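Worksheet for the structure shown next.
Nothing in this text is a laboratory measurement; each read-out follows from the coordinates by a stated rule. Bear in mind the structure is a predicted one, so any value in this text is a computation, not a measurement. In this analysis, Cβ positions are derived from the backbone assuming ideal geometry, glycine residues included, and neighbour counts consider all displayed protein chains.
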Amino acid sequence: MVCTLRDMLETVEALWPKNGAEDWDKVGLVTGDPDAEITKVHLAVDPVRATVDEAIDAAASLLITHHPLLLRGVTSIAEDTYKGALLADLIRGNCALIAAHTNADVVEEGPTGVVMRKLGVENVRPMNPLKDRPERGIGLVGELPESEPLGRFAQRVAALLPATAQGIRVAGEYERPVTRVAMCSGAGDSLLGHPMVREADVYLTSDLRHHPASEALEQSLVTGGPALIDTAHWASEWVWLDGAAERIRARHPGVEVVVSELNTDPWTFLIPQ
C-alpha cells in the first residue's frame with residue numbers, strides 16, 4: 001500500500017498532536033506535497049545543512065526533525081540565506097520536511113520522558129500539564145527508586161547521552177544525595193524557579209546561562225533548591241529519535257525509517273584549562 005505525505009502527517013498528528021505545542025512554536029509540515037509518495041523517512045534533531053544533505057543523498061522522501069526550520073519569521077527564502085538554500089535543496093530533492101518540537105516534548109515518550117525512563121526515574125508527572133491531557137506537559141519530575149550521590153547520577157547521564165564537546169556540567173557537591181529528579185530536555189532555564197524544580201534534588205536540562213544558573217544556586221542557599229546538571233541541547237534530544245522511528249515503522253511497515261547518527265551540536269571541541 002502506497003504511503004503518502006498526507007498519511008505521514010496523520011501519523012505525526014496521532015503521535016505528537018499539534019494542540020500540545022507551545023503557542024510560540026511552529027510545528028508540522030514545512031515543505032512538501034501532501035500527495036507525494038513517501039518511501040523513506042530520515043529523522044534528525046536539527047534541520048541543518050548536514051542533515052538535509054544526508055537525507056537527500058540517502059534519497060529520503062521525508063525529513064522529520066525535532067527543531068523547526070522556520071521557528072522565527074522570515075521575509076525571504078532567497079538562496080543566499082541558509083534557510084532559503086535548505087528549502088530549495090529539499091524541494092529539488094523531492095524531500096518533504098516536518099517538525100515535531102514541543103508537541104513531541106509533551107508526550108510520555110518525548111525527549112524528556114525517554115531520558116527519565118532510561119535513568120530509572122519513577123512516578124513521573126509533568127510540571128506544566130496540558131489542560132486537556134494533565135498527564136502530559138512540558139518538564140517532568142519523579143523519583144529514583146533509591147537515593148544515589150549526585151556525581152554517580154551525573155555519570156549515568158553522561159553514559160546515556162551521546163558524547164559532545166561540552167560534556168556534562170554539574171553544579172553541586174559530588175556526594176549530595178539525589179532522589180527527586182526534575183528535567184526539561186533542551187533549553188530549560190525558564191523553569192529554574194518552578195516550585196517542582198525548587199523541590200527537586202537535581203534539575204537536569206541544557207543551555208544553562210551564567211546568570212540564571214548562578215541566581216538559582218544563590219537562592220538555594222537561602223530557601224533550598226536543586227543541584228544542576230547541564231547537558232548539550234542536541235544530546236538531550238537525540239535519544240528521542242530511536243523511539244520515534246519505531247513508532248513510525250509500526251504504523252508504516254513498508255516505509256524505511258532511518259535515524260541520523262550525525263552530531264549536530266554546534267560546539268566541535270573543548271580546550272581543557
Compactness index (Cα Rg / 2.2 N^0.38 Å), the chain: 1.05
Of Asp207, Asp230, Asp46, the one that fluctuates the most in a GNM where the chain has Cα springs shorter than 10 Å: Asp207
Considering only the chain, percent of DSSP beta bridges that pair antiparallel, nearest 5: 45 percent
Under the Karplus curve 6.51 cos²θ - 1.76 cosθ + 1.60, θ = phi - 60°, whole-Hz ³J(HN,Hα) for the range 178-184, x wherever Gly or Pro sits: 10, 10, 8, 10, 10, 8, 9
Taking the chain and dividing mean pair separation by its residue count, relative contact order in percent (alpha carbons under 8 Å, at least six apart): 19 percent
Under Karplus coefficients 6.51, -1.76 and 1.60, residue-wise ³J(HN,Hα) of the range 160-172 in Hz, glycine/proline x: 7, 8, x, 5, 9, 4, 5, x, 10, 9, 10, 10, x
Cα centre as origin, Lys/Arg/Asp/Glu Cβ charges: the chain dipole, Debye: 240 debye
Whole-number Å³ per residue for the convex hull built on Cα positions in the range 111-233: 95 Å³
Estimated FRET transfer efficiency (Lys40, Leu217; beta-carbon r; R0 30 Å; 0.05): 0.05
Of all DSSP beta bridges in the range 111-233, antiparallel share, percent nearest 5: 60 percent
Label-point gap, in nm, between Ala88 and Asp57 - each point 7 angstrom along Cα→Cβ: 2.1 nm
Sparsely packed trypsin sites (Lys or Arg not before Pro) within the range 169-273, loop by DSSP, other Cβ within 10 Å at most 15: Arg209
